[in-house]
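The values are calculated or read from the model by the stated rules, or taken from the named source; none is laboratory data. In this text, all values refer to a predicted model and were calculated from it rather than measured experimentally. Glycine gets a Cβ as well: all are built from the backbone with ideal geometry, and neighbour counts include every protein chain shown.
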Amino acid sequence: MSTAKVYFTDMRTKVGESLLSKMERLIDKAGISQIDFKQKYTAIKIHFGEPGNLAFLRPNFAKVVVDKVKALGGMPFLTDCNTLYVGRRNNALVHMEAAFENGYSPLSTGCHNIIADGLKGTDDVEVPVAGGLFCKTARIGRAIMDADIVLSLTHFKGHEATGFGGALKNLGMGSGSRAGKMHMHNDGKCTVNQELCLGCQVCAKFCNQKAIGFGSNKKALIDNDKCVGCGRCIGVCNFHAIENNSGTSFHDLDCKIVEYVKAVVDGRPNFHINVVNQVSPYCDCHNESDAAVVPDIGIFASFDPAALDKACIDAVNQAPAVETSILGDKERTHKAETGHDHFADIHPGTHWQDQIEHAEKIGLGSGSYELLTLK
Ligand code: SF4
Ligand code: SF4
């Protein structure tokens, strides 16, 4: 696949110019105005952040994109689908409350929030996946499919099941309705290493599916019929006792996410922005956000979501670990086994390369990019 252009600006500002106006210059430079927005419904796919998490993107970043779309004649809305697990974003009512609580309102961003798959996560469209090897169709939130144009605005961070969470994860998993998320997640079942498990029961508190019980030896056991493969228990077990033994399962999850992205963007203008700040080790779906693992890096923009994510991965991997973070802990205790792949060091068993390689394989995007820096 050909080399894609990815535009980048760092987090530095000069007196008199805010990061937000630098971000506007970045998306202008990256060519957002090449899209004809006039009178077009424009879905801006975002993650409003699980309440309690403080690493999600500030609404101020969304306002820059909303204002730009409006200036170009478009009709923007911010959107996400409901979650599979029980939490504070699993139906449209609580999801909207969570968005407001985290500062996303028409007053702050200049546009409405629409929960794309409706009240109970059932309002979806079955979309063919051209060239899909894992999914013939994808179940996407209706409001996202009803839009004429799709943009993504993503907080780039780590992820316990996919290694990293970037534009591909935001667009793919995030645009899936509840049925779509089940479809993607179902292969990612976990098991408990009985030798490592100390029976502390923390995992059971975090499992919203009530899939974790305890045997007569007081060690955790996962009921595969209830488990939806969200991977949350892996992240909360301090003793590394919960594993996804099947590399193929996480591999399949990565590939399905990428195929869902293809369903979302195929045949429609699309453009993508990643903000690489507060790079937390886990997804913004967590109701907590552990300390950033690397220093803030900057903002990236591209028409190619795969190249965009690859540029962010490379930038994070080239950055030093924050000593006081989980990555710093792992480096100190020699558990950072690769010494250069921060994502694999934080989440052993994940393989971020799968998303990029599969995106190339199905013609979604490119793993090679030219990085153009804006001062
Ligand atoms: S959190 Fe880990 S150690 Fe504690 S019960 Fe669950 S699997 Fe066992
Ligand atoms: S992956 Fe873990 S937390 Fe998620 S549903 Fe299964 S057992 Fe529960």
Discussion item. Here's a check for you: in region 28-63, which residue that is in a helix (DSSP H, G or I) and in contact with a strand residue (DSSP E or B) (Cβ under 9 Å, 6 or more places away or on another chain) is surrounded by the fewest Cβ atoms within 10 Å (Cβ to Cβ)?
Written reply: 34
Item to complete: Restricting attention to region 30-80, report how many residues are in contact with a Gly (Cβ under 6 Å, 6 or more places away or on another chain), aromatic (Phe, Trp, Tyr) and closer than 14 Å to residue 151 by Cβ.
Response: 1
Worksheet item: Which of the following residues is closer than 30 Å to residue 261 by Cα, away from ligand 2 (no atom under 16 Å from the Cβ) and either without any contact (Cβ under 8 Å) to a residue 40 or more places away in the chain or over 16 Å from the mean Cα position of the chain (by Cα) (or both): 167, 147?
Response: 147
Worksheet item: So residue 139 fits all but one of (1) more than 16 Å from ligand 1 (Cβ to nearest atom); (2) in a loop (DSSP other than H, G, I, E, B); (3) buried (at least 20 other Cβ atoms within 10 Å of the Cβ); what number is the exception?
Response: (2)
Response to the item:
Expected single match for at negative phi and within 7 Å of ligand 2 (Cβ to nearest atom) among 190, 200 is 190
Item to complete: Kindly indicate whether any position in region 233-246 is near ligand 1 (Cβ under 10 Å from one of its atoms), more than 20 Å from the chain's Cα centre (by Cα), surrounded by 14 or more Cβ atoms within 10 Å (Cβ to Cβ) and closer than 17 Å to residue 343 by Cα.
Response: yes
Discussion item. Checking residue 323 against (1) crowded, with 21+ Cβ neighbours inside 10 Å; (2) more than 15 Å from the chain's Cα centre (by Cα), only one condition comes out false. Which one?
Written reply: (1)
Discussion item. Just to verify a result, which residue in region 352-373, among those that are part of a loop (DSSP other than H, G, I, E, B) and surrounded by 18 or more Cβ atoms within 10 Å (Cβ to Cβ), is farthest from the chain's Cα centre (by Cα)?
Written reply: 362
Worksheet, complete the sentence: So, first residue modelled with pLDDT under 95 in region 203-223, second residue assigned to a helix (DSSP H, G or I) and crowded, with 16+ Cβ neighbours inside 10 Å, Cβ within less than 7 Å, six or more apart or across chains; the pairs are 203/233; 203/236; 206/232; 206/233; 206/236; 207/232; 207/233
